[in-house]
Amino acid sequence: MQSKRSLRIPRVLCRELPTPQRPVAVDAEEAAHLKQVLRLSDGSPVIALDGRGRAIPGQYTIVDKKPFIRTSEKTPTESRSPADEQGSLVLEVSVIKGDAMSWVIEKAVELGARRVVPVLSDHAVVQVDKKGSEHFVERWQRIADQALKQCERLNRLLVEAPLSVEELLRRPLPTGAVRTVAIEPKAREDWPVAAEALSGGFFRGDQDKHVLIGPEGGWSTHEIDLFRIEARAMRLRAADLGPLVLRAETAAVFTMSCALSTRLAID
C-alpha cells in the first residue's frame, strides 16, 4: 500500500504560472530536484506555484531536453492571500551554527512567518563574511522554498540579507508594530526593562510582530545598551521565556508559536 505522502502531487515553484498558450521553463536547481529526487518522467502531474499565493495543476514535460510545466487550465485553481496563511510575524534571528539556522527557517515557513531577517550579533559563532552573505542567503532561501512546497503554503517566506543589531534597530518599524526581544534567565538582572512572562496574552492585536532572538553566546553589553535606548523610546519590550535556558533555535520556535497562536481559533 502506498502512503498518503507518496500519492501527493509534486509541487513546483515557478517564476510565473503556465497558461495553455505558454508553458514555463523550470530553473536548473528545481529541474534537478524534480529529476534526481522526485524522479519525474515526461507527462507527470505537478502543481505549479508562483510563490505569490497562486497554484495551478499542470504536467512536467521535456522539450528539446529542457524541462517545462504545461497546463490546460485557464485560471489558477487555488489562491490564498498572505493574510490567509501568514501571520504578521517577522522573525529576526541571530545567525546560529550548523543545521540549526536551516531548521529555524524551515519552521518559520511552517508556522506562517512572513520574513526572516538574519542578525549578525556580537557573540554569533558563524562568520557570515568568510563565504559572503549572498552564499548564506541563497542557501536559506532554497530551504525556505522547499519547506513552502512541503507544507503546501502558497506565499513565499522571504529571507533578507543579514543585518547587524545596529542596522536592524535603525530600520523604522511600521506604524503600530512592536519588537520583542527574547531574553535568557541569567540576563534578567541586568536587563534594561522589566521582562513580561511570555503567555497567551503577551502578543496582542493584529499589529506587525517583530521577534528578535539572540545567539548561543547571548547578547553583548554593547547590544544591551542599544536595547536600553530602544526600550526607553518604547520601541522594544522583553519576553521572559521561563526559568530554563533554551537553545537559540528552541527559543525561536517557541516565541514564534506564541506570537502566532493569536490567529488560532480553539473550540
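Points worth noting:
- When the pairs Lys107/Lys131; Lys35/Lys149; Lys35/Lys65 are compared against a 23 Å limit on Cα-Cα distance, Lys107/Lys131 fall above it.
- Computed from phi, the 3J(HN,Hα) profile of the stretch 213-228 under the Karplus parametrisation 6.51, -1.76, 1.60 (θ = phi - 60°) reads 10, x, x, 4, x, x, 6, 7, 4, 4, 5, 5, 4, 5, 5, 4 Hz, with x in place of Gly and Pro.
- Taking every DSSP beta bridge that has both ends in the stretch 48-175, the antiparallel portion is near 55%.
- Under 5 Å from the amide H of Leu13 lie the amide H atoms of Leu49, each residue being 5 or more positions distant or on a separate chain, with H modelled from the backbone and absent for Pro and chain starts.
- A cut-off of 5 Å between modelled amide H atoms, ignoring neighbours fewer than 5 places along the same chain, links Ile183 with Ala239, Leu241.
- Length-normalised contact order of the stretch 8-79 in % [C-alpha pairs under 8 Å, at least 6 apart]: 36 percent
- Here the Karplus relation 6.51 cos²θ - 1.76 cosθ + 1.60, evaluated at θ = phi - 60°, turns the backbone of the stretch 167-175 into coupling constants of 5, 4, 6, 6, 6, x, 7, x, 4 Hz, with x for every Gly and Pro.
Throughout, read-outs are computed from the coordinates displayed, never taken from laboratory work. Just so we're clear, the structure is a prediction, and the values are computed from it rather than from any experiment.
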